[in-house]
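The values are calculated or read from the model by the stated rules, or taken from the named source; none is laboratory data. The shown structure was predicted, so the numbers you read here are calculated from the model rather than taken from an experiment. With ideal geometry, Cβ positions are generated from the backbone for all residues, glycine too; neighbour counts draw on all protein chains shown.
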Amino acid sequence: DAKTTQPNSMESNEEEPVHLPCNHSTISGTDYIHWYRQLPSQGPEYVIHGLTSNVNNRMASLAIAEDRKSSTLILHRATLRDAAVYYCILRDPLRLSSGGGADGLTFGKGTHLIIQP
Amino acid sequence: AAGVIQSPRHLIKEKRETATLKCYPIPRHDTVYWYQQGPGQDPQFLISFYEKMQSDKGSIPDRFSAQQFSDYHSELNMSSLELGDSALYFCASRLGTDPRDYEQYFGPGTRLTVT
């Protein structure tokens, strides 16, 4: 399976943008890039996903490099509630597609985001 | 909106005992996943079910088994419990008919403590 590499931790100030990087140099052509986050004492939560083009939703933006070997999750205006561990995960929707695609997520070592007030 | 329900939220067992964790997916979701998160560790995928059939298998010990029932709820059965089984166990669900519809919705977790 293609692996991802993220910094162990990052720190930012409240109300400032945050750029969380992820390297995935062995990504395959059919791998989608997913981001989940886990707030303290909660289950993981989906943030965003993309394949090639940059993506935006109400939570964040995902910028994907042209060669797809890296991506960046962008929180436009971080709040204290965004303090969490952020996971970058590669997922191939063609895997197990015959079984409904119920393949599990492989969580690596995510980035612990600290937000200073 | 309805979320994934897990019960019990906390469970204390002794070594060599058995435990059963339950997961009730979001209504209409037909796919269930189980994850284990040890202290200070990242979540690890155990097993998943789609339409009551096992779909994918991760690092689930042979002492553990799981199934999905006709109402789509799922149970994780754990036998011969060991101290190392102490962890948070998360269940996640999604509507699995389209493998491209990949957002998994996680429950609050069951904290299992083995003494």
Being within 13 Å of chain B (Cβ to nearest Cβ) and either of a type in the set (Phe, Trp, Tyr) or free of Cβ contacts under 8 Å to residues at least 12 places away in the same chain (or both) narrows A:GLY104, A:GLY50 down to just A:GLY104
Pairs returned, first residue in segment B:101-113 that is free of Cβ contacts under 8 Å to residues at least 12 places away in the same chain and under 19 Å from A:TYR32 (Cβ atoms), second residue that is among the aromatic types (Phe, Trp, Tyr) and surrounded by fewer than 23 Cβ atoms within 10 Å (Cβ to Cβ), beta-carbon separation under 7 angstrom, 6 or more apart or interchain, are B:GLU103/A:TYR46
B:ILE60 meets each of (1) touching a Leu at 6+ places or on another chain (Cβ under 6 Å); (2) within 12 Å of chain A (Cβ to nearest Cβ); (3) in a strand (DSSP E or B) with one exception, condition (3)
Across (1) surrounded by fewer than 15 Cβ atoms within 10 Å (Cβ to Cβ); (2) under 12 Å from B:CYS91 (Cβ atoms); (3) of a type outside the set (Phe, Trp, Tyr), B:SER70 clears everything bar (2)
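Do we find that B:ILE26 is at the interface with chain A (Cβ under 8 Å from one of its Cβ atoms), crowded, with 16+ Cβ neighbours inside 10 Å and aliphatic (A, V, I, L, M) in this structure?
Numbers: at the interface with chain A (Cβ under 8 Å from one of its Cβ atoms): no; crowded, with 16+ Cβ neighbours inside 10 Å: yes; aliphatic (A, V, I, L, M): yes.
When the stated conditions are applied, B:ILE26 does not pass them.
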Residues of segment A:43-67 being at pLDDT below 95, within 13 Å of the chain's Cα centre (by Cα) and among the small types (Gly, Ala, Ser), in sequence order, are A:GLY50
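Tell me, please, whether a residue that is within 14 Å of chain B (Cβ to nearest Cβ), aromatic (Phe, Trp, Tyr), more than 29 Å from B:ARG111 (Cα to Cα) and within 13 Å of the chain's Cα centre (by Cα) can be found in segment A:17-39. Reasoning before the result, please.
Filtering segment A:17-39 down to residues within 14 Å of chain B (Cβ to nearest Cβ) leaves A:30-39.
Checking the rest, the ones that are also aromatic (Phe, Trp, Tyr) come to A:32, A:35-36.
Those left that are additionally more than 29 Å from B:ARG111 (Cα to Cα): A:32.
Next cut, within 13 Å of the chain's Cα centre (by Cα) only: A:32.
Within segment A:17-39 (the criterion being within 14 Å of chain B (Cβ to nearest Cβ), aromatic (Phe, Trp, Tyr), more than 29 Å from B:ARG111 (Cα to Cα) and within 13 Å of the chain's Cα centre (by Cα)), the answer is yes, since at least one residue qualifies.
Given the residues A:ARG37, A:ARG58, A:ARG68, which is the only one that is among the basic types (Lys, Arg), crowded, with 17+ Cβ neighbours inside 10 Å and assigned to a loop (DSSP other than H, G, I, E, B)? First the steps, then the outcome.
Numbers: A:ARG37 fails: assigned to a loop (DSSP other than H, G, I, E, B); A:ARG58 fails: crowded, with 17+ Cβ neighbours inside 10 Å.
So the residue among A:ARG37, A:ARG58, A:ARG68 that is among the basic types (Lys, Arg), crowded, with 17+ Cβ neighbours inside 10 Å and assigned to a loop (DSSP other than H, G, I, E, B) is A:ARG68.
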- prompt: Going by the conditions given, is B:ALA87 closer than 25 Å to A:LEU94 by Cα, crowded, with 19+ Cβ neighbours inside 10 Å, more than 11 Å from every other protein chain (Cβ to nearest Cβ) and among the hydrophobic types (A, V, I, L, M, F, W, C)?
  reply: no
